[in-house]
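Novice: What follows is a structure written as structure tokens; I'll ask about it next.
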Amino acid sequence: MPRDKRAKIVAAARDKMELEDRISALPDGVFQHLLGFLPADEAVRTCVLARHWRHQWRSVRHLRIDCDMPWSNEDFVKFANRLLLLRAPGMALDEFEVSSEYTDLDPEVEEETHIWIRHALMCKVRAAICPV
């Protein structure tokens, strides 16, 4: 395929993708609000989708940590600790939720949830949902 024709095809595809990506056109506050509906691990994963989204998860005001993630307890605790540590400093936290399908959590995870709740309280959380 000639170079000029290939360049035109690539440019047309790029233009089409830019037209279809309406989420990136949203104001940061709206995008962060939408991320707040996702579990924390999924919100963090959005950082690889676009350069502009790389740090958006850090300013989410509704934080949902799901204890039923398919990780070992140790990996889960590391993730949640880093999540709270790497949040944007001084960013208000409107809602903090720790959820689990199981009524009995591993003692290590249960102990950590108390630390996470204290952290949320220090961020002046408005609502905390922590059935554990």
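Novice: Considering each residue of the range 69-81, count those that are more than 11 Å from ASP41 (Cα to Cα) and within 16 Å of the chain's Cα centre (by Cα), and give that number.
Specialist: Residues meeting the conditions: 3.
Novice: For the range 68-84, enumerate the residues that are more than 20 Å from PHE37 (Cα to Cα) and of a type in the set (A, V, I, L, M, F, W, C).
Specialist: Selection gives TRP71, VAL77.
Novice: While we're looking at this one, here's another question. Just to be sure I understand, how many residues within the range 109-132 are within 14 Å of LEU85 (Cα to Cα) and of a type in the set (Gly, Ala, Ser)?
Specialist: So the answer is 1.
Novice: I've got another one for you. Which pairs turn up if I take residues in the range 69-93 that are without any contact (Cβ under 8 Å) to a residue 12 or more places away in the chain and farther than 21 Å from ILE129 by Cα and look for partners that are among the basic types (Lys, Arg) and surrounded by fewer than 14 Cβ atoms within 10 Å (Cβ to Cβ) with beta carbon separation below 9 Å, at least 6 apart in sequence or on another chain?
Specialist: Once the first residue is without any contact (Cβ under 8 Å) to a residue 12 or more places away in the chain and farther than 21 Å from ILE129 by Cα and sits in the range 69-93, its partners that are among the basic types (Lys, Arg) and surrounded by fewer than 14 Cβ atoms within 10 Å (Cβ to Cβ) give TRP71/LYS78.
Novice: Take the residues in the range 29-55 that are of a type in the set (D, E, K, R) and surrounded by 12 or more Cβ atoms within 10 Å (Cβ to Cβ), then tell me which one is farthest from the chain's Cα centre (by Cα).
Specialist: Here the residue is ARG54.
Novice: Looking at the range 72-116 only, could you name the residues that are modelled with pLDDT under 85, aromatic (Phe, Trp, Tyr) and surrounded by 14 or more Cβ atoms within 10 Å (Cβ to Cβ)?
Specialist: Within the range 72-116, just PHE76 meets the criteria.
Novice: Let me ask another. Filter the range 41-71 down to the residues that are within 14 Å of ALA120 (Cα to Cα) and either in contact with a strand residue (DSSP E or B) (Cβ under 8 Å, 6 or more places away or on another chain) or at pLDDT below 80 (or both) and list them by number.
Specialist: Scanning the range 41-71 gives ARG61, HIS62, LEU63, ARG64, ILE65.
The values are calculated or read from the model by the stated rules, or taken from the named source; none is laboratory data. This one's a predicted model, so the numbers in the text were calculated from it and none came from an experiment. Methodologically, a virtual Cβ is constructed for each residue, glycine included, from the backbone with ideal geometry; neighbour enumeration extends over all protein chains shown.
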